[in-house]
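Down below is the structure, laid out as structure tokens.
Any read-out appearing in this document is the output of simple, stated calculations on the displayed coordinates, not a laboratory observation. No experiment lies behind these values; they were computed from the predicted model shown. Here Cβ is always computed from backbone atoms with ideal geometry, including for glycine, and neighbour counts include all displayed protein chains.
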Amino acid sequence: MKKLWGGRFTKSAEDWVEAFGASIPFDQQLVMQDIEGSLAHVSMLDACGIISADEAKQIQDGLLTLQKKAAAGELTYHVENEDIHLNLEKHLIDLIGPVGGKLHTGRSRNDQVATDMHLYLREEIKEIAASIRHFQQVLLDVAEANVETLIPGYTHLQRAQPVSFAHHIMAYFWMLDRDYERLNDSLKRVNQSPLGAGALAGTTFPINREMTAEALGFAGIYQNSLDAVSDRDFIIEFLSDAAMIMMHLSRFCEELILWSSKEFNFIEMDDAFATGSSIMPQKKNPDMAELIRGKTGRVYGHLMGLLTVMKGTPLAYNKDMQEDKEGMFDAVTTVKGSLKIFAGMIETMTVNSEHMKAEVHNDFSNATELADYLANKGVPFREAHEIVGKLVLQCIQKGIYLKDLSLEEYKATHSAFDDDIYHDLDPFTVVDRRNSAGGTGFSAVRKAIEVGKQVLKN
């Protein structure tokens, strides 16, 4: 098959070489963006008098026909035409004749592919941001239903202090809110048009780049043609944002996996998001959470992969940059799928609130409260810390908890102790009193939930 760029060549590559260099197996995902960019480009060529109105009409009609066929899945793509751009151009020429070749006037595949990816990422980032907002709403709903549900809080995966389950859930709400903000901020850099930059140096044709940028909904144009065709910062930034989202989801997955084990038994995953064992009939495995945790690695890999591709590429375009797409496509699919699955997991999980309540009554996570109790009675905190440490050791040696010590035993340690100590040691009291801004106190958590609702409303 004759190449659209083959005028200077006397020899064709073998099929296996063509297959290695072709991007059509994956960049056909950009078919709608490519047609969208071409429709804007041909309208500009017409408006600037670079092609005639009749030629523009023929090309536009041809492109609209291809658009319908693409939407219906009726277009076929060939490796020998390398990529989505040449495949579509070949289809256009076959459909309307040689006039279809005028479409490529004043542009190159270099600015064309960059434009396609800007259009693609702009659309996908908005969809991912919407998925984050949906997931945040699910978290708000679960939090609102569990403000006074207690759960052990951990540091170093050791029992630390009891907290509101809603408070724990809302921590992920705010992580996701930062993810949402990062994605939206990145749109400023995604929403710039490289169309019309040519291969690297612009064009001699009197094109109007601002016109195509406006037609495609871009906020502006790249001010340097070399930068326009060689920039992949916007994809790297997206992959970085995607990696951050997956990191947050993976941390949450780790907790869900732990919490659903017999050792913790804080939650139970819905059957729709778990699987069984082929040999052990009693098993219920949190596979979806494990998969999301595992898929985090592939998104990290796409980020590192593209950073590595770009680190040694001189200006302007290089074939290396063809490696920018598969990772981007996969990261989009992975993040969108993970957010959808996660929202379902959280929405349908069972919270074993009574078991969690029992757990916080049978540990030493109220020890800090005991130290604060003494500090409020005028005992220097460091002294109070040492006193409580000795009381904890005494309890461990006896196989009891702080609530089980008699008032006489407390007073023998320090005269500041009184019978109100048992009220202060109750986990409900421990949590309820922590109402500093951002704290786990029930009033503070309810306030945070209201702030979260305003965030989603705005």
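Check cross-link reach from residue 57 to the lysines: straight Cα distance under 20 Å, and skip same-chain residues fewer than eight apart.
By straight Cα distance, residue 57 reaches 68, 69, 90, 102.
With a ≥ b ≥ c taken as the square roots of the eigenvalues of the C-alpha gyration tensor of the stretch 249-354, please select rounded if a/c is under 1.5 and otherwise prolate if a/b is larger than b/c or oblate if it is not?
Prolate.
Could you compute how fast the stretch 359-457 diffuses translationally, taking Rh as the Kirkwood radius over C-alpha pairs and applying Stokes-Einstein at 4 °C with viscosity 1.567 mPa s? Give it in µm² per second.
It comes out at roughly 88 µm²/s.
Just tell me which lysines come within less than 17 Å, Cα to Cα, of residue 283; anything on the same chain fewer than 8 places away is out.
Filter leaves 262.
State to the nearest 20 debye the size of the charge dipole of the chain about its Cα centre, where the only charges are +1 on K and R beta carbons and -1 on D and E beta carbons. Present the calculation step by step, with values, prior to reporting the outcome.
Numbers: 46 positive and 66 negative charges, 129 e Å.
Once rounded to the nearest 20, the dipole reads 620 debye.
Considering Cα pairs under 8 angstrom that are at least six residues apart, work out the relative contact order of the chain and quote it in whole percent.
On the way: 611 pairs, mean separation 73.4, N = 458.
Relative contact order of the chain: 16 percent.
Around residue 54, what is the net charge, scoring Lys/Arg as +1 and Asp/Glu as -1 over all other residues with Cβ under 15 Å from its Cβ?
In short, -1.
Using only DSSP helix segments of four residues or longer, with each worth -39500 (n - 2.57), what per-residue ellipticity at 222 nm results for the chain after dividing by its residue count and rounding to 500?
Numbers: 19 runs with 280 residues, N = 458.
Taking each H run of at least 4 residues, the total per residue is -20000 deg cm²/dmol.
Around residue 387, under 15 Å between beta carbons, what's the net of Lys plus Arg minus Asp minus Glu among the other residues?
Combined, the nearby Lys, Arg, Asp and Glu give -3.
Using Cα atoms only, what is the angle between the long axis of helix 53-71 and the major principal axis of the chain, expressed in degrees (0 to 90) to the nearest 10?
40 degrees
Describe numerically, in nm with one decimal, the distance between label points set 7 Å from Cα along Cα→Cβ at residue 71 and at residue 188.
Label at residue 71, label at residue 188, 3.5 nm between them.
Calculate the length of the line joining the C-alpha centroid of the stretch 226-296 to that of the stretch 145-184, in whole Å.
One Cα centre to the other: 17 Å.
Between residue 455 and residue 390, what length comes free when the chain is fully extended (0.36 nm per residue of separation minus the Cα-Cα distance, one decimal in nm)?
Numbers: separation 65, 0.36 × 65 = 23.40 nm, distance 4.57 nm.
This chain segment gains 18.8 nm when fully extended.
Within a 10 angstrom radius of the beta carbon, how do 175, 356, 280 rank from fewest other beta carbons to most?
Going from sparsest to densest Cβ surroundings: 280, 175, 356.
Would you work out which of 249, 95, 451 lies farthest towards the positive end of the dipole of the chain? Charges go on Cβ: Lys and Arg +1, Asp and Glu -1.
In the chain, that residue is 95.
³J(HN,Hα) across the stretch 237-246 via Karplus (A = 6.51, B = -1.76, C = 1.60, θ = phi - 60°), whole Hz, x for Gly/Pro?
Each residue's phi maps through the Karplus curve to give 4, 4, 5, 5, 4, 5, 5, 5, 4, 5 Hz.
Apply the Karplus parameterisation 6.51 cos²θ - 1.76 cosθ + 1.60, with θ equal to phi minus 60°, to every residue of the stretch 428-434 and state each ³J(HN,Hα) to the nearest whole Hz, in sequence, with x for glycine and proline.
Working through the residues one at a time gives 4, 5, 3, 6, 4, 7, 8 Hz.
Can you sort 395, 48, 253 so the residue with the fewest Cβ neighbours within 10 Å comes first?
If I rank by nearby Cβ atoms, fewest first, I get 48, 395, 253.
So between residue 32 and residue 418, what do we pick up on full extension, going 0.36 nm a residue minus the alpha carbon distance?
Working it through step by step, the gained length comes to 131.5 nm.
Round to a whole angstrom and tell me the spacing of the C-alpha centers of the stretch 430-458 and the stretch 38-53.
56 Å
What share of the DSSP beta bridges in the chain is antiparallel, in percent to the nearest 5?
Here the share of antiparallel DSSP bridges comes out near 80 percent.
Where in the stretch 348-392 does the amide nitrogen come within less than 13 Å of the point 7 Å from the Cα of residue 268, taken along Cα to Cβ?
Residues 349-355 qualify, since their backbone N sits under 13 Å from the label point.
What residue among 313, 145, 220 has its Cα farthest toward the positive end of the dipole of the chain, where the charges are +1 on Lys, Arg and -1 on Asp, Glu, each on the Cβ?
Result: 313, furthest along the dipole toward the positive end.
Which semi-axes, in whole Å and largest first, does the equivalent ellipsoid of the stretch 33-120 have when worked out from the alpha carbon gyration tensor as the square roots of 5 times its eigenvalues? Please report the intermediate quantities before stating the final value.
Working: eigenvalues 73, 47, 29 Å².
Working through the eigenvalues yields semi-axes of 19, 15, 12 Å.
Taking the Cα centre as origin and putting +1 on Lys and Arg beta-carbons and -1 on Asp and Glu beta-carbons, what dipole magnitude results for the stretch 15-105, to the nearest 20 debye?
Dipole magnitude for the stretch 15-105 comes out near 300 debye.
With 38 Å as the cut-off, how large is the P(r) tail for the chain, expressed as percent of Cα-Cα pairs?
45 percent
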